[in-house]
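Let me begin by presenting the structure, written as structure tokens, before commenting on it.
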Amino acid sequence: MEIRKTLISDIPAVFELYDFATAFQQKVGTNSWKGFEVSMVEKEIVEERHFVILDEGIISATFVITFNDAVIWKEADLEPSVYIHRIATHPEFRGRNYVQKIVDWCVDFAKARELKYVRLDTTSGNELLNKYYMKCGFTSRGISEIEWNETLPEHYKDGSFALFEIKI
């Protein structure tokens, strides 16, 4: 298993993972992703913030990091942090603990850059997912009610979001 920066040529595989994740979200009844713009992913790749996991030579998972998330994290965003977004795993590779591996990678990444936190958010109300994130080392920071704007993906228009962080 290898985590590496996403290449432009990986975009079709990344969007396939997004489609799998969206279908799974719809199946379990959570607020599902509403699709993403290719241009957004291209920008994240150019900015070296988009990553894939290769397993058995196959792109099996993906995630994005960012260093600011003020709309969701409000004043806490002033603390130097890395934020994880859009984790998606191919269904044939579920159960391989990719989220924990992503979290461990992000903790090392944060330590190397002297950041104070690794953070993520998810739709509130999904207790199973919340417990999973806590099992991966996160603590709950409560719920964020956000005011959506065009800088956020469409799925942030609906609902509130559970916040999780790991203090470095």
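Values quoted throughout were computed directly from the atomic coordinates according to the rules given, and no laboratory measurement underlies them. Predicted model, so just to flag it, every value in this text is computed and none were measured. With ideal geometry, Cβ positions are generated from the backbone for all residues, glycine too; neighbour counts draw on all protein chains shown.
Taking the Cβ-Cβ separation of S140 and I11 as r and a Förster radius of 35 Å, what is the calculated FRET efficiency to the nearest 0.05?
Details: r = 34 Å, r/R0 = 0.96.
With R0 = 35 Å, the Cβ-Cβ based efficiency is 0.55.
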Let me check against my output: what whole-number percent is the relative contact order of the chain, with C-alpha pairs under 8 Å and at least 6 apart? 22
Residues of segment 3-29 with amide N under 14 Å of the 7 Å Cα→Cβ point at V38: 8-16
By its C-alpha gyration tensor, with a ≥ b ≥ c as the square roots of the eigenvalues, how is segment 1-58 shaped: rounded for a/c under 1.5, else prolate for a/b larger than b/c, else oblate? oblate
When mean projected area of the Cα convex hull in nm² is calculated directly from the model, which label among (i) 15.6; (ii) 9.1; (iii) 11.0 fits? (ii)
What whole-number distance in Å separates the alpha-carbon centres of segment 1-24 and segment 50-88? 13
In nm, the gap between the two label points placed 7 Å beyond Cα toward Cβ at E2 and T66 is 2.9
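Please give the FRET efficiency for L78 paired with Q100, using the beta carbon to beta carbon distance and R0 = 30 Å, rounded to the nearest 0.05.
Numbers: r = 28 Å, r/R0 = 0.93.
Between L78 and Q100 the formula returns 0.60.
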How large is the helix-only mean residue ellipticity at 222 nm for the chain, computed as the sum of -39500 (n - 2.57) over DSSP H runs with n ≥ 4, divided by its residue count, in deg cm²/dmol to the nearest 500? -10000 deg cm²/dmol
In segment 2-167 the DSSP beta bridges are antiparallel at a rate, in percent to nearest 5, of 85
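Which whole-number percent gives the relative contact order of segment 1-80, counting Cα pairs below 8 Å spaced six or more residues apart? Spell out each step's value before the answer.
On the way: 80 pairs, mean separation 27.5, N = 80.
Relative contact order, segment 1-80: 34 percent.
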Under 14 Å Cα-Cα from K167, which aspartates and glutamates qualify once same-chain neighbours fewer than 8 residues away are excluded? D77, E79, D104, D108, E114
